[in-house]
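Values in this text are rule-based calculations from the coordinates and carry no lab data. The model shown is predicted, which means the values in this text are computed figures rather than measured ones. Here Cβ is always computed from backbone atoms with ideal geometry, including for glycine, and neighbour counts include all displayed protein chains.
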Amino acid sequence: MNSRKIQHEETSLVSYYILCFLRVVLVFVPQTGYIHPDEFFQSVEVIVGDEYGLEVTRTWEFNNTFPIRSITLPYFGLKLPFSFLRFLSMYTKYYFGINLRGSYVTLVFPRFLMVALSFVNDWSLQKICTAYGLQSQFRLLTLASSYVMLVYSTRTFTNSIEMALCSLLLYIVSDCMIHSNTVIYQKEFLEEKYQKARNNVEKVKLYKLKSSLPRHSLNKCALVATLCVAGVFNRPTFLLFGMPLVFHWLLRGMGTRTVSFADFNARIVTFVLSALPALVFFIVVDSFYYGYLTPAELERMEIGIDNFVVTPLNFIRYNINSENTKQHGVHPYYLHLLVNIPVLYNVLGVIAVVSFFTIMYRFASNELTNLPRAQSFVGLMLSAIFFPIFMLSSINHQEPRFLLPITLPLVLLYAPKLKSGFCSSYPFKIRSRFKDFLYNYVLSTRSSSRYLFQVWYSTNLALTLFYGFIHQGGVYQLAAHFAHHIELRSATTQIHLVTSHIYSMPQCFLNLPSSQTLLINPANGQKYRRGKQFFLYEYGSMELPELYRKVKLILDISEMKAISSNQKYELYLAIPSSLAEELNDVFHNRTTALVKHSQVTVFYPHLSLEAPPKMLGQHLCGINTDLDELGDTCPIYAHEDEQNPYSLARILRQFSSLAHQFGLILYRIEVRKRIK
């Protein structure tokens, strides 16, 4: 039995190491999937633009008048590594002809830094399991097999950094709790022995032993406080994730004879004082970056309250207004608990939600003896999971990635249930056929080994492929295409790109020098700025007739400039291939406009939920832009039997149609020449 257990643990560890290797490999493949614009526009787009002086989109969150994002962690976590990369690129390009400033490196390099940070979660889990004597092999395997770690943790989200910081804080607090419990137990044991001692020699010996016990009340206070400040400046929602952890750190030993409210108050005061150095550091760095504080003012000591900016405070002031959050989407209050948790953690999330409602049922039934103690390991994990969930649910804008920091406590607490099932024993007091069926096929250990594992791994595999490679997967490929295209074109040629029904394209991948940078001509000392070469027009999910009018307007203006000032231009349109047939209809129904659209290329795979594929209706050749050639260019037509809906030709046509719609089409828009 022991040999089988050891073999199973070794297998789990081998599988875990393979998944860790896969986590790193998927960074370099690379993953072309695009989860949310924030993964670029809250980090890489701003930092690369500052470091390389590139033409980028600087979002409103980094507006100097009301900044809500701290630059301190991105500066030290991304800007300094990019500075080293720029220095290294000079030598690699000179000696080996390798350019380290291309779109591929710009995508992969920050993700490599993030995947290194992601292993903080694994390390914290291992340390917690060791401290509490828990089996770590299966928990590590569960963590590593989650698509949250394979995809989300490798992206440059502030949520991914928040997850790593929360995991580290959870380990520190857990370690402090078990350390305090051990010291308090030993101290109370020695005090009892001291009271029962009969002679002075024994009392002196016990007193010395009690005095030699390590201090625990303020253990790692400075580290906890600094970590909390960094977490709040990275993302102010860290307050909600860190609050229950800090509360458990403050609560250690309360209720025993050796810890009183005086110790509790002393911990609070020391915690606040320990947080001040980090707080001042973050405020000063942000104030310098956003121009509130300058070296000249610092030198003259002309410093007032207006010279400092507290970005987390601005963040809270903005998000506390429900009208502001409505602009980003309004969601129901139950979305986090009933939808986002299962989306992120599938069966593990369902187990967590069911377990929570079970605890609530026991609390309502006054079964207080079956509830976990507040200062226990289970109490810590439950508060780390559900307190932030319910607090975040009070905000009307909710996204799954907001819950990433609960990953570690969720795995620690509920991962074993993937093997043991929802219930290790019959949970119902009164038996019935339905309850027996529910227990035997859903809740029991036997059903778990049969179904839960399969659902867990298959769902995570599917979501890794979806978010890692398919979802908005053509956007990066589009940017890389134009980065190469711009290199081959003359600097005097203006390139206009119109996009619709896709996410915003990060311009940092284009590697274009900023048109806002003031330059000086060394020959005559005259100041000038570079002319803008690339123009991006993003129209969201605009209706295609309206999109056509926008494209026509841009084309007309560009044509007038080309005639009046001989300004060369190229106009392109990028749109999901699922809209190709409808787009063809819009263009060809406006023959008087004399606008020609010709396909340049298609980027696969790409799926825009704003324009999902049509299961029926669009055929393989639907993206062809010349209607007269459809019958000649589509070989399926030659063998198609229109009378038989189940013919092989028709089935192949529908399958090809569906596959074709998972793409992003790039069109060249030109003025159609008149035929005399």
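Place the peptides 195-203, 155-163, 168-176 in order of packing, highest mean first, counting for every residue the other Cβ atoms within 10 Å and averaging per peptide. List each step's numbers first, then the result.
On the way: 195-203: 10.6, 155-163: 24.3, 168-176: 22.4.
Result, highest mean first: 155-163, 168-176, 195-203.
Once the other residues with Cβ under 10 Å from the Cβ of Arg86 are scored (Lys, Arg +1; Asp, Glu -1), what is the net sum? Walk me through the intermediate numbers first.
Working: positive: Arg101; negative: Glu51.
Value of the local net charge: 0.
Please report, to one decimal in angstroms, the Kirkwood hydrodynamic radius of the chain built from all distinct Cα-Cα pairs.
Value: 29.3 Å, from the Cα pair sum.
Can you compute the modelled spin-label distance between Leu223 and Glu670, with each label point 7 Å from Cα toward Cβ, in nm?
Between Leu223 and Glu670, the simple spin-label model gives 6.6 nm.
What percent does the relative contact order of the chain come to when contacts are Cα pairs within less than 8 Å and at least six residues apart?
Rounded, it is 15 percent for the chain.
Using only Cα atoms, locate the centre of the stretch 166-228 and the centre of the stretch 118-156, then give the distance between them in Å, rounded to an integer.
So the separation of the two Cα centres works out to 29 Å.
Considering the dipole of the chain built from charges on the beta carbon (Lys and Arg +1, Asp and Glu -1) around the Cα centre, which of Tyr572, Leu488, Ser656 is farthest to its positive end?
Selected residue: Ser656.
I need the phi-derived Karplus couplings for the stretch 78-90: 6.51 cos²θ - 1.76 cosθ + 1.60, θ = phi - 60°, integer Hz, Gly and Pro marked x.
3J(HN,Hα) across the stretch 78-90, in whole Hz: 10, 5, 5, x, 5, 5, 5, 5, 5, 4, 5, 5, 4.
So, with +1 on the Cβ of K and R and -1 on the Cβ of D and E, and no other charges, what is the size of the charge dipole of the stretch 169-320 about its Cα centre, to the nearest 20 debye?
1140 debye
Can you order the peptides 97-105, 141-149 by their average number of other Cβ atoms within 10 Å per residue, highest first?
Ranking, from highest mean packing down: 141-149, 97-105.
Send over the semi-axes of the stretch 169-320's equivalent ellipsoid, whole angstrom and largest first, taken as the square roots of 5 times the C-alpha gyration tensor eigenvalues.
Square roots of five times the eigenvalues give 44, 17, 11 Å.
Among the listed pairs Lys187/Lys220; Lys79/Lys550; Lys561/Lys596; Lys568/Lys596, give every one whose C-alpha distance is greater than 26 Å.
Lys79/Lys550
What does the charge count around Lys208 come to, taking other residues whose C-beta lies under 14 Å from its C-beta (Lys +1, Arg +1, Asp -1, Glu -1)?
Net of charged neighbours comes to +3.
Compare the peptides 224-235, 25-36, 560-571 by average per-residue count of other Cβ atoms within 10 angstrom and give them in order, highest first.
Going from most to least packed, we get 224-235, 25-36, 560-571.
About its Cα centre, what dipole magnitude does the chain give when the only charges are +1 on Lys and Arg Cβ and -1 on Asp and Glu Cβ, stated in debye to the nearest 20?
On the way: 61 positive and 45 negative charges, 468 e Å.
Computed charge dipole of the chain: roughly 2240 debye.
Could you tell me how many degrees, from 0 to 90 and to the nearest 10, lie between the Cα long axis of helix 648-660 and the main elongation axis, the longest principal axis, of the Cα atoms of the chain?
70 degrees
Name the lysines eligible as straight-distance cross-link partners of Lys326: C-alpha to C-alpha under 23 Å, and not fewer than 8 places from it in the same chain.
none
Name the residues whose placed amide hydrogens come within less than 5 Å of the amide hydrogen of Gln494, ignoring near sequence neighbours (fewer than 5 apart) on the same chain.
For Gln494, whose amide H was placed from the backbone, the distant partners under 5 Å are Lys568, Tyr569, Glu570.
Could you tell me how far the Cα centroid of the stretch 507-547 sits from the Cα centroid of the stretch 234-296, in Å?
43 Å
Which one, Ala230, Ser180, Leu245, projects farthest toward the positive side of the charge dipole computed for the stretch 169-320 from Cβ point charges (K/R +1, D/E -1)?
Ser180
Can you give the relative contact order of the stretch 453-593 as a percent, counting alpha carbon pairs under 8 Å and 6+ residues apart?
Computed over the stretch 453-593, the figure is 29 percent.
Normalised by the number of residues in the stretch 169-320, what is the relative contact order in percent for Cα pairs under 8 Å and 6+ residues apart?
Working: 120 pairs, mean separation 39.1, N = 152.
Answer for the stretch 169-320 is 26 percent.
Compute the angle between helix 261-289 and the longest alpha-carbon principal axis of the chain, please, reported from 0 to 90 degrees and rounded to the nearest 10.
In the chain, helix 261-289 runs at an angle near 20 degrees to the longest axis.
Search the structure for amide H atoms under 5 Å from the amide H of Met542, placed 1.01 Å from N in the peptide plane, and list their residues when 5 or more places away or on another chain.
Amide H neighbours of Met542, under 5 Å, 5+ apart: His501.
Want the number for Glu546 to Asn63: 0.36 nm per residue separation, take away the alpha-carbon distance, what's left?
170.8 nm
Residue by residue through the stretch 174-191, which ³J(HN,Hα) values in whole Hz follow from phi under the Karplus form 6.51 cos²θ - 1.76 cosθ + 1.60 (θ = phi - 60°), with glycine and proline marked x?
For the stretch 174-191, the Karplus-derived couplings read 4, 5, 5, 5, 6, 5, 5, 4, 5, 5, 5, 4, 5, 5, 5, 5, 5, 5 Hz, x marking Gly and Pro.
Can you compute 3J(HN,Hα) from phi for each residue in the stretch 519-526, using the Karplus curve 6.51 cos²θ - 1.76 cosθ + 1.60 with θ = phi - 60°, rounded to whole Hz and x for Gly and Pro?
10, 10, 6, x, 6, 10, x, 7
Residues with amide H under 5 Å of Ala574's amide H, sequence separation 5 or more or different chain, H placed in the peptide plane at 1.01 Å from N; which?
Val498, Thr499, Ser500, Tyr667
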